Amino acid sequence: MNILVIGGGGREHAVIKTLKKSPHCGKIWCLPGNGGIAADAECHPIKATDLDGIVEFAKAHPVEFAVVTPDDPLVLGLVDRLEAIGIPCFGPRANAAIIEGSKIFSKRLMEKYGIPTAAARTFDDPMSAIGYLKTCDYPVVVKADGLALGKGAVVVADLGEAERAVREMMVDKVFGESGSKILIEEFLTGPEVSVLSFTDGNIVVPMVSSMDHKRARDGDEGPNTGGMGAVAPNPYYTEEIAERCMEEIFLPTVRAMNAEGRTFRGCLYFGLMLTPKGPKVIEYNCRFGDPETQTVLPLLESDLLEIMLAVRNGTLTSGMVRFSDVYSCCVVLASEGYPKKYATGYEITLPALYRGEIFVAGAKREGEKLVTAGGRVVGAVDTGMSLREAVKNAYALAKEIGFENAYLRSDIGARALKALGED
Ligand code: AMP
Ligand code: GLY
């Protein structure tokens, strides 16, 4: 089966390498891909948001199945466009991708169907938002309604910070129209867990849980990033909590989307916080997480392509999705300065032989060379019989990857090890 994959990050590299393990996998094209993905798929420089360009490409090539993983083309309706020309897709249609595309939509959905989440108020003008902020206890969380590259949520400690966040989003429009409406949300506490799941609209099959490391610096300090590393499984996510999440969050969400006439088929990502009052939803994503995917997919023992086809066709069963019970760790090598200003164009050297997996994100080819071309450059992933071993192996692999101005956090997995009493 010939497959078109949309996107060009470490997540897409992980998806492609996992698809290639399937005996049914034929040719893979990736739009736009990147310099590292080019070793595993035929890449063409068509942007993931260029829907017309992608549809033209799909018409001109013998594409039998498409996998759409980034948020923006999903929200813009790429799956609808490709399905309309007869190409079956993995990924939700636009009317279901709105679960990530509008935080106000998802908050209303959760309120309407009794799915546990932080209490929130919505505002569409800055004056009434600021009026409300004057009555709040702090901290609170200010969130842009629309997509904002994972940077649309700001935890604010006092009224001054809150006013600044509102002004940036609603007046200065740092996230464009995504910030013309906002949510002001109750601040929750507790460990965070990412649960990626497969759903065909009938059942939900969670993947192994994971823990992202969103902040740029060690000790969870510094600005929020796309994610500096991840470990799986997440030690806070016990069997008992998993059962509770299935009953209180996962199934109710899928049923709610059906009831709204917005059946979700694809990867539904639950960003959870395990609060003293039980698990609550922090955010939904309509797609695989990055870098969680790089950590989770290497643990998948079953055939990803079969699963994706079953998701598309409404024939998913839980028996189709099997994970090994070892641990996994992904360490991201970024360009120094990320997520703010950073320099690119440095040659990347990769080891010829290695254990584990190297997933390439911000890199491009220059002749024979692979050079840095983005903030997050490479993910070094490895597994182990214990989390300690997985972390040690992933760092050993990261050490073999070199480029000038490389930056990595040195404490990926530390919090999880502490939770396990292995620190
Ligand atoms: P989001 O963009 O919604 O994933 O939020 C980014 C990060 O902000 C989350 O991973 C949390 O660490 C934090 N956050 C978001 N909402 C809340 C909340 N209601 N309470 C506490 N922290 C939050
Ligand atoms: N790692 C969080 C996300 O993909 O949104």
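Structure data summary
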{"quantity": "Net lengthening on full extension, Arg322/Leu159 (0.36 nm per residue, minus Cα-Cα)", "calculated": "53.9 nm"}
{"quantity": "Rounded percent of accessible protein surface that carbon and sulfur make up, the range 189-268, 1.4 Å probe", "calculated": "45"}
{"quantity": "Efficiency of FRET from Cβ geometry, Glu347 and His24, R₀ 30 Å, rounded to 0.05", "calculated": "0.25"}
{"quantity": "Anchor Lys27: aspartates and glutamates whose Cα lies under 13 Å away (excluding residues fewer than 8 positions away in-chain)", "calculated": "Asp40, Glu42, Glu64"}
{"quantity": "Packing rank of 248-259, 63-74, where each peptide gets the mean count of other beta carbons within 10 Å, highest leading", "calculated": "63-74, 248-259"}
{"quantity": "Most positive-pole-ward Cα, Gly337, Ala157, Ser180, against dipole of the chain from beta carbon charges", "calculated": "Ser180"}
{"quantity": "Packing-based order for 289-298, 392-401, 109-118, 223-232, using average beta carbon neighbours within 10 Å, highest first", "calculated": "289-298, 223-232, 392-401, 109-118"}
{"quantity": "Cβ-based charge dipole, the chain, positive-most Cα from Leu31, Val326, Pro223", "calculated": "Leu31"}
{"quantity": "Accessible area of the range 49-133 belonging to carbon and sulfur atoms, whole % at 1.4 Å probe", "calculated": "52"}
{"quantity": "Residue-normalised accessible area of the chain, expressed per residue, 1.4 Å probe, Å²", "calculated": "41"}
{"quantity": "For the range 136-193, size of Cβ-based charge dipole, Lys and Arg +1, Asp and Glu -1, in debye", "calculated": "240"}
{"quantity": "Selection of trypsin sites (Lys or Arg not before Pro), the range 333-379, meeting DSSP coil and at most 15 other Cβ within 10 Å", "calculated": "Lys340, Lys341, Arg355"}
{"quantity": "Rounded to whole Hz, the Karplus (6.51, -1.76, 1.60) HN-Hα couplings of the range 139-147, x for glycine and proline", "calculated": "x, 10, 10, 9, 10, 6, 5, x, 5"}
{"quantity": "Candidate lysines for bridging to Lys20, where Cα separation is under 28 Å - those fewer than 8 sequence places away on the same chain excluded", "calculated": "Lys47, Lys59, Lys364, Lys369, Lys392, Lys399"}
{"quantity": "Glu422/Glu239 FRET efficiency (R0 22 Å; Cβ-Cβ; nearest 0.05)", "calculated": "0.70"}
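The values are calculated or read from the model by the stated rules, or taken from the named source; none is laboratory data. The model shown is predicted, which means the values in this text are computed figures rather than measured ones. So basically every Cβ, Gly included, is an ideal-geometry build from the backbone, and we count neighbours across all protein chains shown. With ligands, DNA and RNA removed, areas are computed over all heavy atoms of the protein, side chains included. Shrake-Rupley method; radii C 1.70, N 1.55, O 1.52, S 1.80 Å.
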